[in-house]
Amino acid sequence: MSKSFERYQKRKLISSYFSVILSIGLVLFLLGVLGLIVLNARKLADNFKEQITIAVFLKDSAKPIEIDQLQKSLALADYTKKATYVSKEEAAEQHIEEIGENYIDYLGYNPLKNSIDVNLKAAFVSPEDIEEIAADISKKSYVHEVSYPKLLVSLLNDNVKRISLWILVASGIFTFIAVLLINSSIRISIYSKRFIIKTMQMVGATKQFIRRPFIWTNIKLGMLGAVLALLGLGILLYYVNEKFPDLRLFEDVTVLAILLTSVFILGVLISLISTYFATQRFLNLRTDDLYY
């Protein structure tokens with residue numbers, strides 16, 4: 001009977017530890033994901049901005065040497081990420097593939113024009129900068145038209161500012177919730193041992209002596225939870241980097257290392273502080289209050 005009870009107690013203890021580790025790991029993982037979003041918010045915004053294309057349509061009278069010079073000058077410009085020449089034949093093939101119908105057979109000619117697609121660097125994707133760049137390119141005598149999605153550029157810039165603000169607000173709120181959740185898990189774990197704490201105190205053990213094993217145990221649980229969270233973050237990072245290589249998640253290794261280290265340290269610190277105050281609460285309780 002005694003051995004059976006001991007096994008039951010051991011299973012109960014392991015179950016309690018596992019729930020604490022899982023709680024800490026899950027909360028730290030979500031906190032790490034939020035940290036990644038905050039750190040990469042600018043990179044994500046820049047990636048979206050650099051998808052904006054300025055289409056420089058050329059006159060049919062434009063000479064090959066003029067087109068070549070324009071493409072090279074655009075490619076070397078400070079504001080350019082990429083400049084790609086698209087012939088009218090290539091453009092027609094793309095349109096036919098998109099609409100699934102060969103409109104050239106109906107018209108008898110290709111109405112499209114040769115063009116140069118210019119992708120700008122993110123720092124220059126603003127309504128004012130693009131307008132200035134477009135006006136400068138339009139001065140060329142062999143340029144027929146410069147086109148870009150004006151409404152999309154304005155919406156993109158406005159939304160990036162709005163989303164950045166909400167991400168910062170969400171980060172603060174979620175960090176607070178994360179601390180509360182981990183603290184709650186540890187307090188529940190220690191609550192189940194309140195009678196042991198009081199018994200040790202009644203036989204003369206000091207508060208520091210009683211508190212020490214609880215703190216050390218929960219620090220180890222915090223470390224295990226943090227390791228679990230880091231493994232999850234590592235898998236997530238690898239998956240996202242494979243799917244979206246343009247984000248270049250592993251480009252800044254130092255920032256990434258600081259984030260992952262911070263997640264680990266945060267798990268240890270929250271466990272330490274929560275355990276200290278949880279044990280202190282039960283140490284200061286009267287014996288009669290242990291049943292409530």
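Dipole magnitude for the stretch 167-228: computed about the Cα centre from +1 point charges on Lys and Arg Cβ and -1 point charges on Asp and Glu Cβ, it is near 320 debye. Using just its DSSP H runs of length 4 or more, each adding -39500 (n - 2.57), the chain gives a mean residue ellipticity at 222 nm of -25000 deg cm²/dmol after division by all residues.
Taking amide H positions as modeled 1.01 Å from N, with prolines and chain starts lacking one, the residues under 5 Å from Lys82 and 5 or more places away or on another chain are Asn119. Counted residue by residue at 0.36 nm each, then reduced by the alpha carbon distance between them, the extension gain from Tyr17 to Thr175 reaches 54.6 nm. Full extension of the chain between Phe244 and Leu259 gives 3.4 nm of extra length, using 0.36 nm per residue less the Cα-Cα distance. If only the Cβ of Lys and Arg carry +1 and only the Cβ of Asp and Glu carry -1, the dipole of the chain around its Cα centre is close to 3180 debye. When the surface is traced with a 1.4 Å probe over the full set of protein chains, Asp68 keeps roughly 70 Å² accessible. A simple spin-label model places pseudo-atoms 7 Å from Cα toward Cβ; at Ala75 and Ser164 they are separated by 3.2 nm. Since only Val255, Val227, Leu237 are under comparison, the one whose Cα sits farthest along the positive direction of the charge dipole of the chain, derived from C-beta charges on Lys, Arg, Asp and Glu, is Val227.
Remark: spin-label model distance Ser147-Ile65 equals 3.0 nm, labels positioned 7 Å along the Cα→Cβ axis. When Arg42, Arg162 are compared by accessible area at a 1.4 angstrom probe, the order from most to least is Arg42, Arg162. Within the straight-line cut-off of under 20 Å between alpha carbons, the lysines reachable from Lys150 are Lys49, Lys81, Lys82, Lys121, Lys139, Lys161, sequence neighbours fewer than 8 places apart in one chain being disregarded.
The values are calculated or read from the model by the stated rules, or taken from the named source; none is laboratory data. A quick note: this is a predicted structure, and the numbers were derived from the prediction, not measured. When we count neighbours, we look across all protein chains shown, and the Cβ atoms used for this are built from the backbone with ideal geometry, even at glycine. All accessible areas refer to the heavy atoms of the entire protein, side chains included, with ligands and DNA or RNA removed. Shrake-Rupley method; radii C 1.70, N 1.55, O 1.52, S 1.80 Å.
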